[in-house]
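Taking it in order: structure first as structure tokens, then the write-up.
The values are calculated or read from the model by the stated rules, or taken from the named source; none is laboratory data. Small disclaimer: the values here were computed from a predicted structure and weren't measured. So basically every Cβ, Gly included, is an ideal-geometry build from the backbone, and we count neighbours across all protein chains shown. Heads up: the accessible areas ignore ligands, DNA and RNA and are worked out on the full protein's heavy atoms, side chains in. Shrake-Rupley method; radii C 1.70, N 1.55, O 1.52, S 1.80 Å.
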Amino acid sequence: MLSTGITGNQEIVVTDELTAAHIGSGLVRVFATPMMIALMEKTCATSVEPYLEEGQGTVGTHVDVSHCSATPVNMKVRCESELVEIDRRRLVFKVAAYDERGLIGEGRHERFVIDSAKFQAKIDAK
């Protein structure tokens, strides 16, 4: 059962494929902001998966984060999430990302609980 306080953790190592220069979001070889956001979304999504009913999933609907410090290639990045609010199907998470030197990003992320098959059918018909 979903309840506030559920936490998540994910860890990655920054590779060239995760840099701003590689994905086109900037010109330098540092961990790209879109990749940090993707890590935050994944951390939130996987943290609540065990608490969902069969056939349910979540989709990201809002991201409000700051990326406050650059991370070089080959450095580890750890993301932490906490489910802080539940409003029917809307889930609000507090998220933070850290490299080996400290905080690199933080903010909030919202996801909605969906029926995966119904959602996919609706999108396929679009």
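What to note about this one:
- 21 Å Cα-Cα reach of residue 118 towards lysines, excluding residues that sit fewer than 8 places from it in its own chain: 126
- Karplus-based coupling profile of segment 86-93, in residue order and whole Hz: 10, 10, 6, 9, 8, 10, 10, 10, with θ = phi - 60° in 6.51 cos²θ - 1.76 cosθ + 1.60 and x standing for Gly or Pro.
- Estimated distance in nm for a label pair at residue 106 and residue 76, the labels positioned 7 Å out from Cα along Cα-to-Cβ: 2.1 nm
- For segment 1-59, the set of GluC sites (Glu not before Pro) satisfying both a DSSP loop assignment and a count of at most 12 other C-beta atoms within 10 Å is given as 53, 54.
- One decimal place: the segment residue 49-residue 94 gains 14.5 nm when fully extended, by the rule 0.36 nm per residue minus the C-alpha distance.
- The chain, accessible area per residue, ligands and nucleic acids excluded (1.4 Å, Å²): 59 Å²
- Whole-percent carbon and sulfur share, accessible surface of the chain, 1.4 Å: 49 percent
- Net charge dipole size for the chain [Lys, Arg +1 and Asp, Glu -1 on Cβ; Debye, nearest 20]: 240 debye
- Among 60, 105, 26, the largest mean-square fluctuation in a Gaussian network model of the chain (Cα springs under 10 Å) belongs to 26.
- Nearest-20 debye value, segment 66-125 charge dipole, Cβ charges on Lys, Arg, Asp, Glu: 160 debye
- Cut-off under 5 Å, modelled amide H: who pairs with residue 104 long-range: 97, 98, 99
- Annotation: amide H of residue 71 within the under-5 Å range of 31, sequence separation 5 or more or interchain, hydrogens built in the peptide plane.
- Rounded tilt (10° steps) of 33-48 against the dominant C-alpha axis of the chain: 40 degrees
- Here r is the Cβ-Cβ distance between residue 125 and residue 59 and R0 is 22 Å; the resulting FRET efficiency, rounded to 0.05, is 0.85.
- Charge dipole of the chain about the Cα centre (unit charges at C-beta), most positive-ward option of 52, 20, 31: 20
- Note on residue 7 and residue 84: their simple-model spin labels are 1.5 nm apart, each label 7 Å out from Cα toward Cβ.
- In order through segment 8-22: 3J(HN,Hα) via Karplus (6.51 cos²θ - 1.76 cosθ + 1.60), integer Hz, x for Gly, Pro: x, 9, 9, 9, 9, 10, 5, 10, 4, 5, 9, 8, 4, 4, 6
- Counted by Cβ distance under 9 Å from residue 92, the other residues give a net charge of +1, where Lys and Arg count +1 and Asp and Glu count -1.
- Computed [θ] at 222 nm, helices only, for the chain once each DSSP H run of length n ≥ 4 contributes -39500 (n - 2.57): -6500 deg cm²/dmol
- Extension gain for the segment residue 68 to residue 16, taken as residue separation times 0.36 nm less the Cα-Cα distance, is 16.7 nm to one decimal.
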